[in-house]
1. Working with all protein chains in place, sort ARG342, ARG216 by solvent-accessible area computed with a 1.4 Å probe, largest first.
2. Given labels modelled 7 Å from the Cα in the Cβ direction, how far is it in nm from ASP483 to LYS202?
3. Just need log10 I(q)/I(0) for segment 399-476 at q = 0.14, 0.20, 0.27 Å⁻¹, Debye formula, equal scatterers on the alpha-carbon atoms, no solvent, rounded to two decimals.
4. Which FRET efficiency value, to the nearest 0.05, is calculated for GLU190 and ARG43 with the Förster distance at 22 angstrom and r the Cβ-Cβ distance?
5. Scan segment 375-481 for trypsin sites (Lys or Arg not before Pro) in coil per DSSP, keeping those whose Cβ has at most 16 other Cβ atoms within 10 Å, and list them by number.
6. Just need log10 I(q)/I(0) for segment 63-109 at q = 0.17, 0.19, 0.26 Å⁻¹, Debye formula, equal scatterers on the alpha-carbon atoms, no solvent, rounded to two decimals.
7. Would you kindly derive the ³J(HN,Hα) couplings of segment 17-30 from the backbone phi angles with the Karplus curve 6.51 cos²θ - 1.76 cosθ + 1.60 (θ = phi - 60°), listing them in order in whole Hz, with x for Gly and Pro?
8. Using a 1.4 Å probe, what is the accessible area per residue for segment 296-379, in Å²?
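The values are calculated or read from the model by the stated rules, or taken from the named source; none is laboratory data. Computed from a predicted structure; not experimentally measured. For neighbour counting, all protein chains shown are included, and Cβ atoms are generated from backbone atoms with ideal geometry for every residue, glycine included. Heads up: the accessible areas ignore ligands, DNA and RNA and are worked out on the full protein's heavy atoms, side chains in. Shrake-Rupley method; radii C 1.70, N 1.55, O 1.52, S 1.80 Å.
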Amino acid sequence: MSGKTPTPSLKHLAKEADTLKKKLDKLQKECATVFNNPSASNRQDKLKRFYQDCVDMRNDMTDLNNRITKMTKADEPTKMSNFDSKKDDEVKRLTKMLDQVKEMEKKLEPDETEEDYYRKIKEELNSEEDGVDEDEEYEEEGEEEGEEEYTDEEGSYEEEDSEYEEEEVEEECEEEENGEDDSDIKVEPEYELLYDFVAQKKGDLEVKAGEIVILRSVRDDSWWVCENQNGETGLVPSNFLKPHVKYSDLMTEDDPQTPISPRTGKELWGSIKKALSETSATDVLHAFGAVPPGFRLPTSARLHSLNEKHTLLNYGAVKLSNSNLFYKDLFYNPATSKVRPRTARIQKVVTLLEAKNIPLPGEKVVVHSRLARLSLFDGSKFLSNIVTTLAHVTDKEGRNWRFLVKPTTLESSECFVRIAEPSNQIGILIELSVVFSKEGDPEKVSELSCGWAFKPMFEENGTLILNKEYDLMVNGGTPFEKDVEVDPSIARRTSSRFMSLLSRNKQPTLVIKTNAANNEQKERFDVLPSVVVGKVPYLHSMALYRHYLACVLLRDRDNLQSTEPVFEPFLAHFPQLLEMPDLTDLLLVCR
């Protein structure tokens, strides 16, 4: 009998990947629960445990990925005709899982001034790397002793499945034993439906007007996860919901502390008038079907206006390291008396040229302006600040838009994007929208998204996209919705090739052009933050701002660890100035 250890089959390795996938899904749910509940008991301890689980899971996935990658068809114990394709599928799946684990690990990375915990994790990782050879020898010995395990392939799989199930049951039991005290009952937020909502795709929750639902989680795309009275969970548009108030019919006589006073007719009519005045023109047009089905409330505009997270004020500001003792994106070189340049993987100039066949928002409306908002997007979240560009119409109907290149900062369609360490899923998101009002009522101004276009920054083979013009299809709905047409009346799929060509010419499209940065632009790009999107006319001013920032914060400080405030009004207000196009134009004229 040969002493050589049998090689595990690809099917066996695929089962190991399935087990890791289950653990990853379970860990993601637990992390989301703790993240969404800041008041959870032992929250920091749980986040540290999740971080350690991510590190362990990443090591297991990396090891499994290496084993599958090194495997050849000759190593496969059983004959398999499509071995190469299945192997590639498993490698792609593990690579995607690794990206998810790394992203979770980055979010869970401890941020403590005393770095005891972080140093402990690093030491454990180093010790694991030093002991790799010993582990491999131990595994080889164990495989020689358990050589018979691979003789009966189906039986071994069944035994492993039962072991995995037993481990999951033990983990669940431990969680129940160490779980939080259920005596502290939390009141779940309830919302009432304003309108009927018909599910448009898988994952949506179909509800009726007046129905009461429980809010489970809030998302940035204005689609909230809700649960109805039957226990069904799905997505519902946030603008279809209002907080549910429990009135006197839900109160008992044993609760005298909250008396209900009857409302007079004047108060009732006042509330009705207030509700009518708060109803926007957008709600009215949607209710009467006066706008194309693919139009939505603008996602980019809401994110930009709700908080400073997606503004240039946030992404242009200097960032501190995890220890809060140093700057992680600003360095000064005393030899050159300049900011030390930092290269990025993506540095592109993106120019918006024109938008074709964009439907009108409806009849009896007055369009005041047409806008395009550009940002970096990876299919699930916004990764940068949001930049707005003004468009002009080129026809009487107002269906074709044209973007200008250099007149002013607001109208300039020449933008730049920069990101240091992007993923292969990242791309440029452009959302088109119109600002309008109803005829005869110019004071009630609303905004509607006319659709969005997305251009990935990488080709399928992993290389950067070429510098040329691109005709992008404009999709309906929000960037988080898929397969939604702006105007379904113009069918994309027809039986005739001739009709298909005709319908293609009528489809909403956006034309953009990508260019590489020239030498002068590249020199200024290298001093900008790691992630930023902006207008090319801003570039010179932003580079000067970063240089002045390094001089004040790094060169002229006697003690870099001093927390004494720095009195510099220009540094404090310049990022805010970049959000005001009129003042920025004045600054460029005076430059």
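1. On the way: ARG342 55, ARG216 105 Å².
Putting ARG342, ARG216 in descending order of accessible area: ARG216, ARG342.
2. Calculated label separation equals 0.8 nm.
3. Those come out to -0.68, -1.13, -1.36, one per q.
4. Details: r = 25 Å, r/R0 = 1.14.
For GLU190 and ARG43, the calculated efficiency is 0.30.
5. Details: sites: LYS381, LYS396, ARG399, ARG402, ARG418, LYS438, LYS444, LYS468; in loops: LYS381, LYS396, ARG399, LYS468.
Passing both the DSSP loop test and the Cβ count: LYS381, LYS396, ARG399, LYS468.
6. -0.56, -0.65, -0.94
7. In residue order, the calculated couplings are 5, 4, 5, 5, 5, 5, 5, 5, 4, 5, 5, 4, 5, 5 Hz.
8. Details: 3980 Å² over 84 residues.
Roughly 47 Å² per residue, with all protein chains present.
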